[in-house]
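Peer 1: Sharing a structure below in structure tokens format, with a few things to ask.
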Amino acid sequence: MAIDTVLLAVGPMDTVRAPELAETVLEIADPLDATVVIGHAFTEDEYEDIHEELGFDARAEDVDPDAVAAERAPVPQLAERFEDAGVDYEIRGALGEVSSEVVDMAVDVGADRMVVGGRRRSPAEKAVLGSVSQEIILQAPCPVTYFRDLDVME
């Protein structure tokens, strides 16, 4: 199976692991000359919380999700890293329920591989809070590389 498109799905919590996520994606995309799609999905509530901070005046329903994603951490940092590496990339944003939007994004861009980050959580935390990464992995239309924080659980 050829890998032409890699979707790197990120959220604001991925800022701390952005360099490692970028390196993981580059290990896949660079030797294969694949295009990287940096995807950032966010809910209306998240948009309402950050729109002024990002300089957007529009209501959530009037916003261009790609424009918001391009300004939202860690997307600019990742874009710079892929630019420096000479890897073709594009930025996609989506507004709605995060896991569903990311899966839809993978389908829309024809992703051959996805890379998703996550943090280590106890089984009880997962049961109570759910896991966006887990939902994406279970619904993904292609293989997924999961990059997990290796911090020791407390």
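Peer 1: Look at ALA2 and say whether it is closer than 24 Å to LEU138 by Cα, among the small types (Gly, Ala, Ser) and in a loop (DSSP other than H, G, I, E, B).
Peer 2: Yes.
Peer 1: Considering only residues of region 61-70 that are outside any loop (DSSP other than H, G, I, E, B) and charged (D, E, K, R), which is surrounded by the most Cβ atoms within 10 Å (Cβ to Cβ)?
Peer 2: Taking the candidates together, the pick is ASP66.
Peer 1: I'd like the full set of residues that are modelled with pLDDT under 95 and among the hydrophobic types (A, V, I, L, M, F, W, C), limited to region 99-139.
Peer 2: Matches in region 99-139: VAL116, ALA124, ALA127, VAL128, LEU129, VAL132, ILE136, ILE137, LEU138.
Peer 1: Just one of ALA73, ALA58, ALA22 is free of Cβ contacts under 8 Å to residues at least 12 places away in the same chain, more than 21 Å from GLN134 (Cβ to Cβ) and open to solvent by less than 60 Å² (accessible area, probe 1.4 Å); which is it?
Peer 2: Exactly one residue qualifies, and that residue is ALA58.
Peer 1: Could you identify the single residue in ALA79, ALA94, ALA73 that is under 24 Å from PHE56 (Cα atoms) and in a loop (DSSP other than H, G, I, E, B)?
Peer 2: None of the others qualify; the one that does is ALA73.
The values are calculated or read from the model by the stated rules, or taken from the named source; none is laboratory data. The model shown is predicted, which means the values in this text are computed figures rather than measured ones. Please note: Cβ atoms are built from the backbone with ideal geometry, for glycine as well, and neighbour counts cover all protein chains shown. Calculation scope for accessible area: heavy atoms of the full protein, side chains included, ligands and nucleic acids excluded. Shrake-Rupley method; radii C 1.70, N 1.55, O 1.52, S 1.80 Å.
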